[in-house]
Structure formats: structure tokens, C-alpha cells
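Note sheet for the following structure.
Taken together, the values in this text are just the output of simple stated rules run on the coordinates, not laboratory data. The structure displayed is predicted, hence computed values, not measured ones. Here Cβ is always computed from backbone atoms with ideal geometry, including for glycine, and neighbour counts include all displayed protein chains.
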Amino acid sequence: MTEKPPLKYLSPQDWELLIEDFQYDVVRREKWTSHYSPLSILDLALSSILRKDFPLKLSLISFLEEFSDSLFRNFEVQLALDRLIDAVRSVVQAPHDAVSFSSALKERMVVAVTSILICIGNDVEVCLGQLESLVELLLTIVNRPSHGADRQMRAVACECLRELERAFPCLLAEIAGHIWGLCQSERTHASQSYILLFTLVIHNIVTRKVNVSILNTSVPLVPFNVPQFVVGGSSREVSGLNFKELRRVMAFLLESPQILTPSAMMEFMSLVMPVALVLELQASMLKVQFSGLLYSYDPMLCHVVLMIYSRFVDAFDGQEASIARRLVLISREAQLPLVFRLLALHWLLGFIGLVPDSGGRKKQSIVEIGLGFFYPSVFDPLALKSLKLDLLAFCAICLNTLSADNMGGGSSEVAGPRVSVVKLFEDGLVSVSAFKWLPPWSTETAVAFRTFHKFLIGARSHSDTDSSTNRTLMESTIFHTLEVLSGSFLFLPLETCLITNFINHFGGLSTLTLVTTGTTMDEKSAEWMVLFKASIIMPLKVLANPV
Amino acid sequence: MAGCSIRALWILNNFDSVVFSRRFPVVERQWRTACKAENENSSNDNLNYTVYPLLPTDSELAAAFVERKKREGSARGFGIRVTQSAEGSDSWVDDPITRHIISLFINKDEERENNMLWPLILHMKGHYCILVLPLVEPQHLKAYAGVCRRSDCGNAIGVPGSLSSLLFDLPSITGACMVAHAIGDVITGDVVEPEVVVSASPSVGGLLDSLTGSIGISGISTRTKPVAAPVAASTTSSTAVIGAVTSDAPKFGSRPLDKDALRTFINSSMPFGTPLDLSYSNIFAIKVNGFSSSDLPLPDLKQPAWKPYLYKGKQRMLFTIHETVHAAMYDRDEIPDSISISGQVNCRAELEGLPDVSFPLTGLNKAGIEVLSFHPCAQVPEQGVDKQAVMFSPPLGNFVLMHYQAFCGLGPPVKGFYQLSMVSEDEGAFLFKLCLMEGYKAPLTMEFCTVTMPFPRRRVVSFDGTPSIGTVSTTEHLVEWKIITGGRGLTGRSIEATFPGTIKFAPWQIQRLPSSRSFLGADEDSDFETDSTNNMVNVEEFLMEKMSKDLPPADLEEPFCWQAYNYAKVTFKIVGASLSGMSIDPKSVSIYPAVKAPVEFSSQVTSGDYILWNTLGKCPFAATVKV
């Protein structure tokens, strides 16, 4: 395609329309791309950004960032990047001016150009020159640690370098020593960005096993050259990393978390953990330093601890119960938005799945915690009640397994848990007991039925093909417990029409139960009668209103 | 996969059109690379599912959102599996969290299999829906697609690929929820810092401050010139909300979207899509104030990212304990009253440099403190010990040092009963007998106390009765009894208050339910509207029966169907001390490096859901643990 002649200057209103059309859909986008070539759009945008009095500079930068990827064709990439890098250099070097070249504009511009280069300059060999120019510009910015006025700009430049290092792993490996030095010298709030940058560089060195010396600063910071092993893909692997140096680096890094924000902490730990694994650092060290974060009210920090746990399960041996207890307590924090309270219970379920079970100890502690903490309270939102009832159902399953394990010990030991399962079910259901008189479409009824369903089939493995556990379920204590339980409601005549009425109201769910337990009426009709009898307790109002 | 990155975010208005969107191409590039790798390997995959590598345009996203809304009954969705749940939909998963973490099908008409977009965090704030899409691995998306098609419902425990294990493995979802909430606060301007109250003292302020009793200091931008924020008023506005129909339908009337503030926040908090700092006050302080060459960093310490500025000026520390009391008062033998306290310690440390502050927390067991959670700046003490020391390096501005849940150490501040008896279909007699502040000693002061009886489904026609104390007013759907009003606080003594009366309502009319009635597939033609009064033993039961027939289902975010019950809600504010017993002794607060700074402490208690259930009617309750 031939380059179309540059068209007239676009007014701010034109730009607003163009941006809206690009965001809206492809058809409206074509309105513009059929008149303007991508490079002419770029030129017009850049000249507007570089003008003194243009009002929409930040929007234009965002536009370029979001759409460059789909805008430029292969043969235009280099030209586009050249223009962008010239433009970013002019913006960064322009004298600070609160109106036309504010620090916000400068920061935004370096971010956008970095982002565009990463997205359209996939092939390092093609865009080598542009990449080197950009990195050099960024390194010049970050190379003034602890200076006053430009600290925010330095932080942003570090973030840009970090994204480049993420996109082109080991790009900065040869200057890791310099970056470490900068990290140590930076004392303003920007130090977080330096630390994250350095951590990523180390992460890439370690996970890609690149043989570089971190203490050695013989390669100059600027002029910057992309390392050969990044360009050619030639391996710089050696048999071993410099463990001694790397451990020193880790000791430095692990001192820094208290200056990080919770978001940065999550990023930091996700980078540090793989390094710790490769370097075979003692997991207990990480545990001691970070497990306290679980007691923070910031959900991201709590999740960081869970991340550590999932990587180093053994190191937490013996502390599972306290972690589980804490997770359930997070769900009780009324100050937290509901979604985080629900998440905490899901984490608990995920956590339970990870904890190794030794000799039924796990089930025992789940039951202990459950009896203390899984009961819904009156003001818990129904969503939370519902999840807590799931957990109670899970407790009931554990109780059953425990009682089955204790079978040899005589009938009294079995009777204990049996009573408890009934109690769990009855106590749990109290929190939604309004199902007894509210209309069938009430949320309370839905939650109550769901719980009943959970108590009944919860023991079954959720693998659709596994039928052996299914049989086990049918013979399990919980099934018999429910039989006993439902028996107390069976003073009511079981008219077929009532069951039909019930099925009409809960058609989806009942069919579902049929499907999920994987048995047919003929096959297990006795059990099914129990199910239906027990189900009758749900729609009492159906019974109260003869058809 | 670990850490948190955001692929894109959208904000929709109440007409379901996208009013703001932001895509993060760098993160998107990671997604596409991962998809490519996954799809190349998917020949071994028994799911035979290729992941959708592209982000939808705004119009595609809006269309998908509308389609889901239709399919799932509301913007949030059913949340649990119901008759209408379609296989592959969120509610098929049968988990309430699918009202917050949703999936959308892009271009559903094209009948492609791989058009699912997940996980989208849905946060509703003001009249906006915020959707945030974090980066996960393609295999996680596939796992969720599998969960959505399982025949068995509910959450499997300990099974790989279950929803819980996905949420456990994906901190990016947690991060994205934080992002969604932060953005919600930015667009509604709901970014007030926690309140720190200063009791009137010669060292602070003058006459005006002693008159108003408190000054609120907000905002880091006010570090040189504190601005008085409005005094926490005795609002009772929440009363009406409680009894009202709650639906997730967004409401009109919020302010227009401040896109500039939003862009500033996003550009600074996550320039490439990876969140770095979600603190609104820090980001806007940096935007407004910037830095000058004279802002020198400390010579020996690194300044934390969460404290971009250091305080300079006269030093002091302020602590405010703020407790909210929730109570369900039954006055019945078989149901014990339940009272719980959500408390927090708010702090403002006007200290130079980067000092550490510590103080002992004593009497935690006595106070019945159940849960303690701390600000990230605190070094968390060992849990479960009666005596703990908290050590923290305070950020600038007001912050919440810790949250706690506790029991009420002092007994309920308002106790007694509320009885409402319907003498006919449209006429009721009621009686309140309350005791306020029984056993409460000075300096505990109840600043105000109001009791409201909401009747969201009935229209109050007339009302008769005189309380022993206070004034009464009515509106169409509620009766409000002001027992103690501002200016005449109750200190050092208790009072008894009774209020007998009668109330008359407009005749009851069958109300058509909103469309969400079909929540559980109720058949519109079912014969629930039978009008036979003959076999009913009394008016109450008859009325309850009649009125409950067209009750709409409660939202899963509500604790129960509020409209199904008769109750009175108490609102009050108590100052002078906490009710849990949580306290901070200003003398025991130590600052290192040592500095002379006065420490002030105050506390205030307000009511949350403080409910007196009609002793003669139905009431929701929960079993309590008896271990």
C-alpha cells in the first residue's frame, strides 16, 4: 500500500471522535483508517502531543498505546518506532512546564512508548536500535538516585525498564550490578520501583540460568547495548549460577519488603519465590518473615501468604490449623466488602485441598474449626451463609469419615458423630429457617435446599465419571443420618401430587440431584424415597396449600 | 502464574453502555503469548477447547454484558443454580461468588465455543458497573469453563480445578477485586479517609472546636494546612434504606464520571496494568503537590512507597476507636439476643521522619476480641495472647491501624422489647419498653438515640400514641421515635422509655413482584393467591400468610428478606469509651526514636444493624455454637 499524503490537522473534537470510534468497533474504526494511513495518524498525533497548547495530549497518548498494536503493519513498525522514540526524547527533555509539558505528560509518554515498543517490536533483531535508544533514555533517567524533584519520573522509568525486562528477559542482566547499586542508593519513595526492577532482573537471571556476575560492573550502564544472548537467542547457560553472589542479593532483597505497598508486595513475592526455590533457600526463612502478613486486613497480603504456602507446604507443617482458623476469621470481618469475605472461605476450601492429611488429623481439625466458626450468624449476608453451610456440610462429611475410621471401637463412638451430623444440619439450617414459610422463590428456600443437597451428596467426588465414590456415599453414615433426620418429618402423608408440586418448583434442582448422584430411580429407589421424603421439609408451604 | 496484572477494565453506566474503558497492551501481549503456547499444546487436551486470544471492543463487551444480564436474571446473576440456569453460565457453578466474579460470552451468536471471557470482577458502585479483567493462564480459563459445565452443582472441596482451588491459585483475582473497589471509590468520589476525632483540648483549636466537639482532618494534601471536615453528623438516613427493597438495579443521581481523575488514578496506580499502589490519597497528593529539590530523603532510611511525603511540623499522635454495634434483640426465652461489635482503631501520626510507634493492647480476652487484623504498616504480634504489643511505622494522613470484632463487654446499650400486634388486617397495636444505657457510667455519653419502625410494604394512614420520652413523627412508610436528640446527651444514668400506640395502614393490596420473582422459577399462575380466611386461626397468621405470598426474593448480599419481618431499628451514637473494652492508654504509647509528642485518644460508638424484632411475630435468627 502506498503512503497516503498527510491530511489536514485534526482538531481536538476530531480526535475525540476518532478515539471513540476506535474503541467502539471495527466498522467505525475503518471510517478513519480508510482515509488516513497508520503512519499519518501517528504523525498527526505526535505533532499534536508536541504542540504547546493541545488539550488532549494524555488521551492521545493513551490512544496510541491502546491501538498501535492493531494499527501498524510489519513494514511500518520501524518507522513508527523511530518517530515515537524521537518524540519521547523531545518530551522528556523539554523544560518542565506545568501546562504543556507537565510531569504527568512526561511520565505517560515514556510508559506509552515503552508499551508500544513491547507490543509491536516483537522481533528484537528488527527493532534493536530503537530498543537500545529507549533503554538508554530510561537508564539516563534512573541514574540519578535520591535526587529531589524527579523522583516520580525515576520510579516510572524503572517501571518501564521492568516491563522491557519482562518482555525481553535478561535484557538488563549484564548491568544488574549497576541496578543493584542504584537500588542501594535510592532512598525516596521511588525505591520500591528500583527494588522491583532489580528483583525481576535477578529472577530472570536465575530462572534462565544466565551466567553473569552481579557484583561486576565492568559493562557500562550507558551507552546501552542489548546483550548478544538476548538478540541471537544464543545460550549463555552454564552448569551453575553464582550461588554465593545470588544469596547475597537475596539477603538484600528480603530486607526490603516493609517499604513496599501491598500490590508491590504481591509482585515482589511472585518473583522472589521461584528464585528462592532455585537457590534452595530455607523456606522457613520466608515463612518467618512473611507469614505475619496473614494477619493484615489487606486481602492481597493475605493471599501472598497463601502463595508462599502453596510453594512451600512442608515448611508450614503444624501451622495448618492456625492458617485455616485465620482464613475463617477473615470471613467474619464485617468491615471487609462481601467479595473478600467470600474469597476467604474459598481460600480456606482451596487450602484444605492442599494440606496433606496425616492420619485423619486434617479432618479432625476441620471439624474442630468448623464447630467453632462455620455457623452462620444472623446478619451474615445470604451469600456468606450459603458458603458457611457448605463448610458445615463438609464438616459433616469429615465427621462421617472419622466415625467410619473409628468403626472398630464400638458403637458408642459412632453414635457420637452421628448425633453431631444431625446437629450440624439442624443448627445450620436455622439461619435460613424462613424457608418454611416464605414463598418457594425466596432466596432462603434456595439456600436451604442447596444446603440439604450438599449434606446429601457432598461426600461424593466431583469427578463425573467416578461411580465408586458414589456407591460409597449411598452406604455412608451421612446418608443414613439424613434418613433418620428425614424420618422425623414423615408424619405428613406423601401424596404423589405434593411431590410433583415440589418437583415443579424445584424441577431443575431435583433433576440435577438425580443426575449428580448418578443413579436412577429403579436402581436406588429406596434411597430416592429418602431423598424425596427429606426434601418435603423444604416446601412446607406447598403442603400447607393443598392443590 | 502469580502476581496480579490487569488486561483491561470497563465501566458501564446504568444504560449498559461503556462509558470508560482501558486496555493494557503489555499485559495483553502476555495473554496472547500464553494462548498461543496453550493452543499449540491443546491437541493433547481432552477439553478440545481453544482459548479466545482477543479482547472485545466496547460494543462487543456491552452486548455480552446485556446478554448475560438477560440470561442470569440481573446484572449480578442468580449466584446459585436455579431452574433457569443454563449450562455453561455462572449460576450453573452454584456459588454465590459468581455474582462478583463473572464470565461473559463475546459474540455469543457466532456459536463459537471459545468466546468466554473470565474472570471479570464485577463491582457495582453508584450507578456504574465496573468490570476488571485480570490476567490468568489459559488453563485457568479452561478449568473454569469446565466448572461451568459440570453436571453436579456446588463447590467441590480439595479437587484440582474446582472454583475454590482456582481462586486460591489466582492472586490476580484478589488483586483485581482490590482494583475494582479502588476504581469504584474514585468514580464516586468516595475516598474519605478514616475519621480521627480530637477531643476538645486547649492544645487543639479554639472555641469553635470545643463547640463542635471534634474536628476531622482529612487528606494528605492538607499536611500544611489542616482543613476541618464536617463533623460526623447524627445521621439516621440509613434507616429507610434497611427496610427498602434492595435490588442491584443501579440508581440515578450520582455525579458524572470524572474521567480525568480516573485516568490519573489508573496511569499512576498501574501504568502497565500491574498495580503498584492503590492508595488514592497518595496518588493525588503526588499529582497535586509533586516534589521539589528541597524535599530531601532521609540520610539513612529508605522512604516507603506508601509514604511518599514526610511530615514536618508540630508533632502529635491521635487515636480514635470507632465501634459499630450490631444487635438482634429478641426478648424471647428460646432465642438469645445476639450483639456483636465491629471496631477499628483509626490513627493519625503527625511525626517527623520515619519513627516506629508501639503500644500494648491489653485485656483482649476480657474484651472478647475475636478477630484482629492490622494495617500493612504494622508488625503483627503473635495472635491469641491476652497481652500483645503492636508496633508500626505510621503512614501519613489518617489510616485504620487495625480492625477487630468483639463482643459487647458492657451489655446492650439499648434493651427491651418491641411488640406489634395486628388487631385487624389494617390496624395494629404496638408497645415499646426500652432501657437505655443501663449500667453505663460516665464518661460514656449517648449523644442521640432514635427508633424507627419501617413498613416498606404498607402505607401508614394514621398513628396514635405518646411516648414517655421523646418525640414521634411519621412518613408514608415509617414511624420515627426520637428518644434522645442532639444537644441533650445521656450521661451517667440510665433511662427507661415506653411507647404504647396504635397504627393504621391503608388496605393491603396484592403487589406484583418485580421480574426477579422468577428467581426460583415460581410459576406466575400458581394458586398462591387463594383468599380463604376461614381456616385461619388468627389475624396475624392470616396476614403473614397473605403478605408473604408476594415477597420478592432477597438479594444474596442481604442477610435475609427484610420485608418479611416486623422490626424496629435503633440508631444511636455513644462517645466517651468503647463498648468492647478496647482502649489505648496514651501514656503507654512509645515512639522510637524518642520524641516528645502528645498522644490523644478518643472513642465513639455508633449503631449498625441494631434491630428489635417484633416479639409477637416471626424473626430471623441463627443457631449459636455451644462448644
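Segment A:334-370 and segment A:155-210 have Cα centres spaced 37 Å apart. The phi torsions of segment A:126-139, fed into the Karplus equation with coefficients 6.51, -1.76 and 1.60 and a -60° offset, translate into couplings of 6, 9, 3, x, 5, 4, 4, 4, 5, 4, 5, 4, 5, 5 Hz, rounded to whole numbers, with Gly and Pro shown as x. Zone of A:LEU277 (label point 7 Å along Cα→Cβ, backbone N under 17 Å): which residues in segment A:301-342? Residues passing the 17 Å test: A:304-316. Residue order for A:LYS31, B:LYS546, A:LYS385, A:LYS57, fewest other beta carbons within 10 angstrom first, comes to A:LYS31, B:LYS546, A:LYS57, A:LYS385. Taking other C-beta atoms within 10 angstrom as a stand-in for reagent exposure, A:ASP82, A:ASP97, A:ASP380 fall in the order A:ASP97, A:ASP82, A:ASP380, fewest first.
Between amide H atoms placed 1.01 Å from N, distances below 5 Å from B:ILE495 occur with B:LEU436, all of them 5 or more places distant or on a separate chain. Calculated FRET efficiency, B:GLU352 to B:GLU87, Cβ-Cβ distance, R0 = 56 Å: about 0.35 to the nearest 0.05. Here r is the Cβ-Cβ distance between A:ASP97 and B:LEU301 and R0 is 35 Å; the resulting FRET efficiency, rounded to 0.05, is 0.60. Take each residue in B:303-316, count the other chain C-beta atoms within 10 Å of its C-beta, and the mean is 4. Averaged over peptide A:176-184, the number of partner chain Cβ atoms lying within 10 Å of each residue's Cβ comes to 0.
Scalar couplings 3J(HN,Hα) for segment B:17-28, obtained by applying the Karplus form with A = 6.51, B = -1.76, C = 1.60 to θ = phi - 60°, are 10, 6, 9, 7, 9, 8, 10, 10, x, 5, 6, 4 Hz; x denotes Gly and Pro. The H on the amide N of B:ASP356, modeled in the peptide plane, is under 5 Å from the matching H of B:TYR592, each at least 5 residues off or on a different chain. Residues whose amide H comes within less than 5 Å of that of B:ILE101, counting only those at least five positions distant or on another chain, are B:LEU122 (H built at 1.01 Å from N in the peptide plane). Each of B:PHE272, B:LEU262, B:SER293 was scored by the projection of its Cα onto the charge dipole of segment B:252-395, and the greatest displacement toward the positive side belongs to B:SER293; charges sit on the C-beta of Lys, Arg, Asp and Glu. Multiplying the residue separation of B:SER588 and B:ASN41 by 0.36 nm and subtracting their alpha-carbon distance yields 190.6 nm.
The order of A:HIS346, A:HIS96, B:HIS322, going from fewest to most other C-beta atoms within 10 Å of their C-beta, is A:HIS96, B:HIS322, A:HIS346. Partner shielding of B:547-559 amounts to 6, given as the average count of beta-carbon atoms from other chains within 10 Å of each residue beta-carbon.
Mind scanning B:LYS259/B:LYS573; A:LYS388/B:LYS569; A:LYS209/B:LYS36; A:LYS423/B:LYS618 and naming the pairs with a C-alpha gap bigger than 30 Å? Pairs exceeding 30 Å: B:LYS259/B:LYS573.
The HN-Hα couplings worked out from phi for segment B:339-356 by the Karplus form 6.51 cos²θ - 1.76 cosθ + 1.60 (θ = phi - 60°) are 10, 9, 10, 9, x, 8, 9, 8, 9, 9, 10, 8, 10, 7, x, 10, x, 9 Hz, whole numbers, x standing for Gly and Pro.
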